[in-house]
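Structure record follows, encoded as structure tokens.
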Amino acid sequence: MLNVFIPLLNYIKETLHLSPSQRMAPPATGSSPLAKVLTEDLMRGKDVLGIASLSAQELHLIIDTAQQLYINKFDDTQTLFAKGQTLVMLFEKPSLRTRVTFEAGMTQLGGHAIYMEGQLGLREPVSDVAKNLDRWVDCIMARTFEHKTVEILAANSKIPVINGLSDLEHPCQALADFQTILQHKGKFKGLKLAFIGDGNNVANSLMLLAAKVGTDFALGCPAGYEPNADILNLAKQEALKTGATITVTNDPIEAIKNADVVYTDVWISMGEEAQTDKALAFKNFQVDSKLMSYAKSDSIFMHCLPAHRGEEVEGLVIDGPQSVVYDQAENRLHAQKAIMSLVM
């Protein structure tokens, strides 16, 4: 009787475009292409606090591993990567993508994740939190307001600490983004990435990663919203090694001209809601169809989400054919699984 309903069920899934199950299975034949990740020790035990602290070799290793996890996403060899291990996730601010992808990722790697939300340093010093967690779990992921918090966690624990987002950098987002760029463009060198908007944590990490892998980077932002000066200087130093160019301009058209990749982010980040006048400074920096016309005709549009349609981006752009925002969101899972697989 059950067999009668299987064709109908498949038809409903195809008609409604339902996602397939995420359940994994052993490799069909031979050895798994993922098995080599278990013996890759270049980054074992390393903190991932930002793109600034990662070498070009380490960045390529993470992205290559993330691609292998993406291609072999249903291979259950990955359940050996974190078998018996525990990740604690510390959140000072709410999250969708970071929360779900780290927790689901840890499950898929065969481990377990513990979620904790609240501002660190109130009940007890951040250093004490780190020293306690060091005795109980195998890895810490922290999504914090201040970058100093993740630095204190790392300084006071022997286990790896991963920056899930801070006010200085968002390394996990940038790694997923460059994995997405590789999937759509097939390379890093010879491309131009244009970021339109605030020189914020996402822009900082993208700029550094671009410089280290040889991608030209241009930031178009209002005066007074340029990126962190130390990050900008470091990016320019790294760009000298790879031949990339780093440009910061207050003209969005200059920034986006001939871009292969166009990227934007919200104008007012979580925790900045009181800065109501900030949006006025960005009124000419919306990524709309007209601005996109200055980029290459085959350019892709990216946004780290959540997005405010009608503010930093026009709905026709983010929901249009050039948008790859949901590919980015999926790759948060694979990039973060790659980081955990390599450091734990």
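Any read-out appearing in this document is the output of simple, stated calculations on the displayed coordinates, not a laboratory observation. On a predicted model such as this, the values are computed, not experimentally measured, just so you know. Cβ sites come from the backbone with ideal geometry, for glycine too, and all protein chains shown count toward neighbours.
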Sort out for me the Cα centre separation of the range 97-151 from the range 181-251, rounded to whole Å.
29
Restrict the search to the range 155-225; then list the trypsin sites (Lys or Arg not before Pro) that DSSP places in a loop and that have at most 11 other Cβ atoms within 10 Å of their Cβ.
Lys158, Lys189
For Lys257, the aspartates and glutamates lying under 15 Å Cα to Cα, once residues fewer than eight places off in the same chain are dropped, come out as Asp216, Asp288, Asp298
Give the lysines reachable from Lys158 as a straight Cα distance under 16 Å; neighbours fewer than 8 places away on the same chain don't count.
Lys46, Lys131
Could you please rank Tyr326, Tyr294, Tyr263, placing first whichever residue has the fewest other Cβ atoms within 10 Å of its Cβ?
Tyr326, Tyr294, Tyr263
Added length on full extension, which subtracts the Cα-Cα distance from 0.36 nm per residue, Ser55 to Lys283:
78.4 nm
Helical contribution to [θ] at 222 nm, DSSP H n ≥ 4, -39,500 (n - 2.57), averaged over the chain, rounded to 500:
-12500 deg cm²/dmol
C-alpha center-to-center spacing [the range 286-325, the range 43-66] in angstrom:
29
Select from Asn284, Asn200, Asn163 the residue whose mean-square fluctuation is largest in a Gaussian network model of the chain (Cα-Cα springs shorter than 10 Å).
Asn284
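May I ask you to derive the FRET efficiency for His184 and Ile114 from their Cβ-Cβ distance with R0 = 56 Å, giving the value to the nearest 0.05?
So, using R0 = 56 Å, E works out to roughly 0.95.
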